Structure formats: C-alpha cells, structure tokens
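Accompanying notes for the structure given below.
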Amino acid sequence: MLGESDEFSEILKTGFPMYLLIAIPLLLVMSPVCPANAAHEFNVYRAQQYSLQGVSYGSKGSIINLEARSLKTWSSRSRHCVFVLMDNFTIEEYKQISAGSGALVLIVPPPPYTQEQRIIMMEIEQTILSSDTVIPIYVMDWSPKVKKLMDNLGDSKIIDENASSAAKAFINSVSANGYQIVVSTSKPVLQQNVAISTIQGQLIGYGFQDKLPSILIVAHYDTFGLAPELSYGADSNGSGAAILLLLAKLLSKVYAEKNRPKYNVMFILSGGGKLNFLGSKNWIEQQMDKSNILQDVSFVLCLDSLGTSRNIYGHVSKPPKDDSKMGLFLNELNNNLGENGLKMIHKKINLGSDTLAWEHERYSIRRLPAFTLSNYKSHKNNSRRTILDKIERLDPKFMFRNAQIIAKTLVSHLYDYNTSETPKINIDFETLRSSLDLLVLTPRSTQIMTLKNNPLLNNLLLAMNKYLKDVNVSHLLADKVDPQFSFFTVTSATLQVYNVKPAVFDLILTLAIALYLAIVYLFIQLVPIVYDLYIGTIRPEPVVSVPKKSNRKDKHR
Amino acid sequence: MTLYHFGNCVILLYIPYYLTYKYANLSEYGAFWKCIQGGIIYAFTQLCKMLILATFFPANEASINTLSFSNFFKSSVDLADIVGIYMILQSIPGKGHSKVMTAGIGWAGAEILLTRFLLLWVGARGTEFDWKYIQKCLESNINLMHHIMTAALVWLLSRHDLSKLQSKFSPFAAVIILLLLSVYRTVLIDSFSTWLLIDPWSIIAIKGLYTIVLGLVMLNYYTRLSTLIGMY
C-alpha cells in the first residue's frame, strides 16, 4: 500500500520494517496496560474467613477478575461475578453460587428495612458465616453508583433468551454493555499475633479488701458479622459495654464517699465474646491461678444487648435461691422494672455443644453464681451477630431506662437494701451517649482490634483508668500449634468496574470503519468534481486554459 | 481484543490521511519529506504557543469550556498557527495545489502523531471500552480537512492577485473572515456545545458540517483565483 510513494519504497527497501517487527512486540510487552483508569471504583469488604476450634468458616478467596452478572443472568457453566442485593437472595441460590467457581458481591440495601428484609438478610449472613466456600465473597454498601450498575446489569441483553428472532438476539449481543470486575489484592494468609484483649478494673470496698465479697460486672465489647470491617455491633454488644462504662463512672462516685459499700466491684470488658467467650474463659483461668478474687463472689452480672427494648430477660443456668445475693438482686431488679418485670429464663449449660449460649455460662461452669441480662429471649437470635446491627438500631430511650434501673438496683444492693444509707444517684443521658459513641462508631471485630496500639482499645483503657483502680489488660494469643481461633488477612479491598464490549462488537466496528473509509474515499474523489463544477460557473477569464483532467487535485478531502 | 480495538482506531485515524496523500498525487511531487518538514514547523509553532500561554495566561482549568474573554484571548494564540502554516508555504518550493496540500497534510499529520497516537496507545488498549477513542479519531479526520482548508486560505491571503478577483464583496475581507472563522472554530463550537449541552456525537457532526461549509466557500475563491492565474 505504501509502495505508491517513492520515499516509502526506499524506506521499505532498507532494514526498517525488520526493526519494526522487533520493536513493536517489544513495545507491546513493555508498556503496561494501565488498570488505573477504571470507570468506577468501589470500596468493598471481604466476608469473614476464620476458624474456630479447628473448623474453618467463611470465604477463602479474595481475587476477582470476572465478568459481572446479575442473579438472573449468571450461569454455572462459566465463571461469573454475581452481584446480588442481600434482601433479594435465597439460601438455595447462595448454595448454587458458592458451589461454583465464580465470585459473589453482596450489596447491602439502604435502610430502613422491614422485618422480613432483616430476617432474609440475617439468614443469608448466618448461612455464609456457618459454611465455607472457596469463592471470594465481598460486601458492598449501597450508593447511587451501585444502583446504576445494578440497573445496567439487570437490563443486560447479553444472553437474552426472550429475543424474538436470531437477528434480534445477535444485535442484542453486539450492542450489550458488559462489565469486567477486577479486585486485585493479596491472597489471604493467616493473620499473625491475633490477640483477644480483656480489660479489668476494680473498686475496693470498705474494710479489709481480701475479706469483702465481690461482685463482677462483665460485658464483651467485640463484634461479629458477615464482614469484619462492617461489624459495628451497636446493640450487641456496644450497648452492654456502654452500660458497663456508665456503671463504672457512677460507682466510682459512690465509692468516693465516706460510707462506701462493703463490696469489691470488679469490671471486666472482655474480648472474644463472639468467639465462644474466650476472653472471659481466659480471664477466669488467670484469676484462678494467681489471685483469690474469685473466692467470694456474690454474683456475676453479664450485660448483653440492652439497647433495643424495655423487656429484659434474665438468663441463668441454675435458678438462684431467693435468699442468695443473686436471688435478692434479681428480685429487686424485678420490682424496679415495674409492670414489665424481669422475665427469668432458665437454660442448662449444654456441655455437648461447641459453643456456649451466654457469657454467664463461662462463670457458671466454674460454679460462680452468674446471670446475663439481655433484651433477647433466645441466644439463637441472629441479631446478635450481624452487620445490620448499627447505631440506628438502638433506641436511646430504652437503653437509658435499662441503664438507670440496673444502676439503681445495683447501688441499693451494694448497701444491702438499707435505704437510709443508700446515696442518691443520678445518671445523665450524655454520659451514656458519650460512652456509646466511644464504642459503636468503629467496627470492633477481633481481627481488626488486634493491631498494636489500637486506638479504640487505648480509649477504653483510658476510660476505665479514669474511674477504676488496678486497671490492666490481659491478652490471649492463639496457640501456635493448635489454635483455638485464627483469622485471615484482607478485610477490605477496592473493586474496579470496567466497561467492556463483547468481542463480536469489535468485528462489527471494523466493518463500520471500512464502510466509513469507503465514504471518505468517495468524498476525496468528489472534491475534483466540485472543483470542476466551480470552474464551469466562472466566465472564461482572459487566460485561456486547456481543460485538463482535473482528477489530481486539490482540496481533496 | 483490546489490541484489536487499538488497531481499529489506528486504521480509522491514519487511512484517511493516506488516501488524501495518495489521491492528491503528492507522491508525484516527492512531497513526503516536505510533509515531514511541515510537521517540524508544526511542532515548533506549538512550542511557541505553549510558551506564550504559560507566560501570559494563568492556569484556570475550571472554566475551560465557558464562553469568556479569557478563553477568547487564549484561543487567539491559535493565530500563531496561521504564521506557522505561512512559514511552511514559504519553505515549500512546489507550486499551486501540491504546495497547499503538502502544507495541510504535513501540519495535520504532525498533529495526529503528536496528540493522538499516545492517547490511543495508552487509552484504547485498556480493558475499559469507551467511545471517546473512536470519536477522537473521527475528529482527527475532520481536522485534516480543516487544516488543508486553513492552508489554502493562508495561501490565498499571501497572493497579491487576490484583489483582482471580481466580486461584489471584497475578496480580501472574505478570506480574512473565513480565516478567523476557522481559527476560532474550536472555541466557538466548544462553548456553544457546553451551553446547549450537546452530546459528543453531535459535536462531531457539527464540527464536520461547519468545516465542510467553510471548505465549500473557500473552494469557491480558490477555484476562481487559480483559474485567474492559470493554475490547475
């Protein structure tokens, strides 16, 4: 083609084309195809991958480079990245997808949710958390950009089986927009040095410290949910931990008085509450070994999820005797609660089960009188382990009321129901609010809390130090050989969406370009004709011109 | 597949140039190196323009597409293009049609090499599909027409016999107006389209139409002058 011009032919005769043959592939290899300019980038959060007591759960994959499909259009025959709204998904569909080799991106729909939506979403969540799969699973928050992507995926015509004719199906498949999903991150590896941290602090009663009975107040602060970085756990157990901090502040004032109570009160903010209460277990074992604090325990009060309702359930492993300290406390609490009362639920510890139901069972196993106060009637309620448990779920009014009643009952118990000595207590809503904010605005999953100098852990320590004595932290590290729990890295990633066209489209484009070039060719041929046309309209000028073939020329275009 | 798309774009970009070069019969005049010479002058002119822009116009990217005096003055720097094309015309000893064609193709060819090739190399090979690369290629085709037209206008202006053309309206003034219309083409169409929010495909159609209309008017003068001086 280029041979038409002498200069080009000369160039061609030299070694130039040979150099090109070498240079072009070199250039192709060396120049990176930059993936940086994707049309859209989303922050996504990888689903849990963990193992507990030797069994592994969750999703093992993290890297995606697949075509995006919606729930309707994905097929198990090829590998696809399926985008699903969490409330529009069934467990059967999840099982099909997780058995394949694609990937799954779950989109959390925007609040508010109806009761059915919550139930569906939490069931999916528990299914994923209690099974294991090799495909990567990511969770993505809702946004207008996500909605647009979902809409486009929904109307995708790539495999439209309803097309009325083959021609229409072909046109659809050429004109369709495809999306290539890329998540390039590292492979998940075992996370080293995961520690479950438990913070303790105490208030010393009047008299000989070692001879006084003690009361333990326990709440776990860690959370659990489908994606570690989305587990805010506002109710479970942000509310319990916040009430614990509130009680610490309140009792520190009471204990500053002259006639302070004749009880020691120990506050325990335990970790690992969602991991079979390993934090409490470890703490008890340590205390058994090295101190006599567990010698004379009146009762252990565990706080778990107290922010959503005015119904409080008291969970016990063994019904208390009415004249025991614990029985007295529960009776008083029942009186103070008024019309709703305290509903006692008695559940024996199931030693055959892998996991314990409530935190108090860790203490009951050691024959300490213990009970849990909670808004939930059953430990099986999925609301205690979900990413939907955000601060919007809390009802501050109920939570404040629950905190007030527990505080009041506790203080009067500390003075043995001797009303004349009991100091007036008043707690204000702001205190509760600030301790709640300290906790529930950050995700508190065990694996992201374990970094050294974790700011949240430091803040909790500071808060405890402010009100309590002998504050210290104990860390439980997983055993290297036979870990009770282990986590894997990669908790969040960036998901890139590329707009792509099917391969047929490029072929059609080539045909269109060829057609266009033919038109350009005709247009160039047309210019001399227009030129002649203009000459025809001009009166012959004095210069006599020999009409020459004007095919060469000019304004070509 | 993306390399294939890159190939598509390159074909769309360069074949019209080749066709133009071939059917203007420039090869008969040995004009290839003169085109390259034109390209060098193009690069030099752009360098000068950038120096002027960087020196006298503070960068305000925000209002790049709005109709304002600063944008108007900024695009006035494009008047330097006329000087550049004039220099090419002066340095090419050829006569008549081939001289104008050589200047136009050299100028436009240097432009696509310097501004389009890297864009395609980096962009069109990526995973992401975007119509904008096809649009840029079509726009370059229109620019080829535009630059040849500008070269012809500059040539007309440089002829002393221009005033001898019989016309109701001063041919000199007409050519000046045409030149100004072609220099301010980009700023006119861009601000018009941001004002009316026209989609990219329509902008290309408008640019094409605008250039063809100007080209036809210019061709009228060009034909008459070349007839007058006996050049075919």
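The values are calculated or read from the model by the stated rules, or taken from the named source; none is laboratory data. Just so it is clear, the structure is predicted and the values come from calculations on it, not from any experiment. Counting neighbours? That spans all protein chains shown, and the Cβs are built from the backbone with ideal geometry, glycine included. Accessible surface areas use protein heavy atoms only, side chains included; no ligands, DNA or RNA. Shrake-Rupley method; radii C 1.70, N 1.55, O 1.52, S 1.80 Å.
How much FRET efficiency would the formula 1/(1 + (r/R0)^6) give for A:ALA503 and A:ASP354, where r is the Cβ-Cβ distance and R0 is 51 Å, rounded to 0.05?
Efficiency for this residue pair is about 0.50.
Using the heavy atoms of the protein chains and a 1.4 angstrom probe, tell me the accessible area per residue for region B:2-228 in square angstrom.
Heavy-atom SASA per residue in region B:2-228 reads 46 Å².
Between B:LEU119 and B:SER70, what is the FRET efficiency for a Förster distance of 22 Å, r being their Cβ-Cβ separation, to the nearest 0.05?
According to the calculation, E is roughly 0.25.
Can you list the HN-Hα couplings for region B:43-51, worked out from phi with the Karplus curve (6.51, -1.76, 1.60; θ = phi - 60°), rounded to whole Hz and with x for Gly and Pro?
Working through the residues one at a time gives 4, 4, 4, 5, 4, 4, 4, 5, 4 Hz.
Tell me, which residues of region A:476-516 get at least 30 Å² less accessible area when the other protein chains come in, versus the chain alone (1.4 Å probe)?
Buried by the other chains: A:TYR498, A:ASN499, A:LYS501, A:PHE505, A:ASP506, A:LEU509, A:THR510, A:ILE513, A:TYR516.
Count, for each residue of B:10-17, the Cβ atoms from other chains sitting within 10 Å of its Cβ, then give me the mean as a whole number.
Going residue by residue through B:10-17 and averaging, the value is 3.
Per 10 Å bin, what percent of the C-alpha pairs of the protein assembly as shown does each bin hold, from zero upward?
Per 10 Å bin, starting at zero, the Cα-Cα P(r) for the protein assembly as shown comes out as 2, 11, 16, 14, 11, 10, 9, 9, 7, 5, 3, 1, 0, 0 percent.
Compute, for region B:2-228, the length of the dipole vector about the Cα centre, with Cβ point charges of +1 (Lys, Arg) and -1 (Asp, Glu) only. Units Debye, rounded to 20.
The calculated dipole for region B:2-228 is roughly 620 debye.
Skipping prolines and chain starts, which residues have an amide H placed within reach, meaning under 5 Å, of the one on A:SER131, given they are 5 or more residues away or on another chain?
Under 5 Å from the amide H of A:SER131: A:GLY58.
Compute the accessible area per residue over region A:168-220, keeping the other protein chains in place, probe 1.4 Å, unit Å².
44
Place a point 7 Å from Cα of B:TYR18 in the direction of its Cβ. Which residues in region B:106-127 have their backbone N less than 16 Å from it?
B:109, B:113
Count the lysine pairs in region A:398-546 whose Cα atoms sit under 27 Å apart, keeping only pairs 8 or more residues apart in sequence or on different chains.
Taking the Cα cut-off of 27 Å, the pair count is 8.
Say the dipole of chain A comes from +1 at the beta carbon of Lys and Arg and -1 at that of Asp and Glu; which of A:MET86, A:VAL497, A:VAL218 then lies farthest toward its positive end?
Of the candidates, A:VAL218 comes out farthest on the positive side.
On a 0 to 90 degree scale, rounded to 10, what angle separates helix A:455-467 from the longest Cα axis of chain A?
In chain A, helix A:455-467 runs at an angle near 20 degrees to the longest axis.
Considering every residue in B:207-217, what mean count of other chain Cβ atoms within 10 Å of its Cβ is obtained?
Counting other chains' Cβ atoms within 10 Å and averaging over B:207-217 gives 1.
Just want to confirm a number: the relative contact order over region A:216-369, from Cα pairs under 8 angstrom separated by 6+ residues, in percent.
Over region A:216-369, the number comes to 27 percent.
Pulled fully out, how much extra length does the chain show between A:ASN311 and A:ALA169, if you take 0.36 nm times their separation in residues and subtract their Cα-Cα distance?
45.2 nm
For region A:207-281, what % of the accessible area comes from carbon and sulfur atoms, probe 1.4 Å?
Answer for region A:207-281 is 50 percent, counting heavy atoms of protein chains only.
Can you give the accessible area buried between chains B and A, summed over both chains, with a 1.4 Å probe, in Å² to the nearest 100? Don't jump to the answer; show the numbers that get you there.
Values: alone 13180 and 29450 Å², together 37680 Å².
Between B and A, the summed buried area is about 5000 Å².
Tell me, what is the percent relative contact order of chain A, built from C-alpha pairs under 8 Å that lie six or more residues apart?
21
Helix-only estimate, please: 222 nm mean residue ellipticity of chain A, summing -39500 (n - 2.57) across DSSP H runs of length 4 or more and dividing by its residues, to the nearest 500.
Roughly -11500 deg cm²/dmol at 222 nm, from the helical runs in chain A.
Restricting things to alpha carbons, find the Rg to Rh ratio for region B:163-232 using the Kirkwood radius for Rh.
Values: Rg = 15.4 Å, Rh = 13.8 Å.
Taking Rh as the inverse mean 1/r over Cα pairs, Rg/Rh reads 1.11.
Using DSSP to define loop residues, name the trypsin sites (Lys or Arg not before Pro) in region A:416-521 whose beta-carbon has at most 14 other beta-carbon atoms within 10 Å.
A:LYS424, A:LYS452, A:LYS480
Under the rule a/c < 1.5 gives rounded, and otherwise a/b versus b/c splits prolate from oblate, where does region A:196-477 land using the Cα gyration tensor? Please list the in-between numbers first.
Numbers: a/c = 1.27, a/b = 1.23, b/c = 1.03.
Rounded, because the longest to shortest axis ratio a/c is under 1.5.
Using a cut-off of 19 Å between alpha-carbon atoms, which lysines can reach A:LYS377, once sequence neighbours fewer than 8 places away in the same chain are excluded?
Excluding near neighbours in sequence, the set is A:LYS274, A:LYS318, A:LYS343, A:LYS347, A:LYS348.
In nm, give the distance between the simple-model label positions of A:GLU41 and A:ILE519, each being 7 Å from the Cα along the Cα-to-Cβ direction.
The two pseudo-label positions are separated by 3.9 nm.
Specify which residue in the list B:LEU162, A:ILE171, A:LEU328 is farthest towards the positive end of the charge dipole of the protein assembly as shown, using unit charges on the beta carbon of Lys, Arg (+1) and Asp, Glu (-1), about the Cα centre.
B:LEU162
If you put +1 on each Lys and Arg Cβ and -1 on each Asp and Glu Cβ, how big is the dipole of region A:196-477 around its Cα centre, in Debye rounded to 20?
Magnitude of the dipole: close to 160 debye.
Can you give the FRET efficiency to the nearest 0.05 for B:LEU157 and A:ASP141, using r as the Cβ-Cβ distance and R₀ = 56 Å?
The formula returns an efficiency of 0.35 here.
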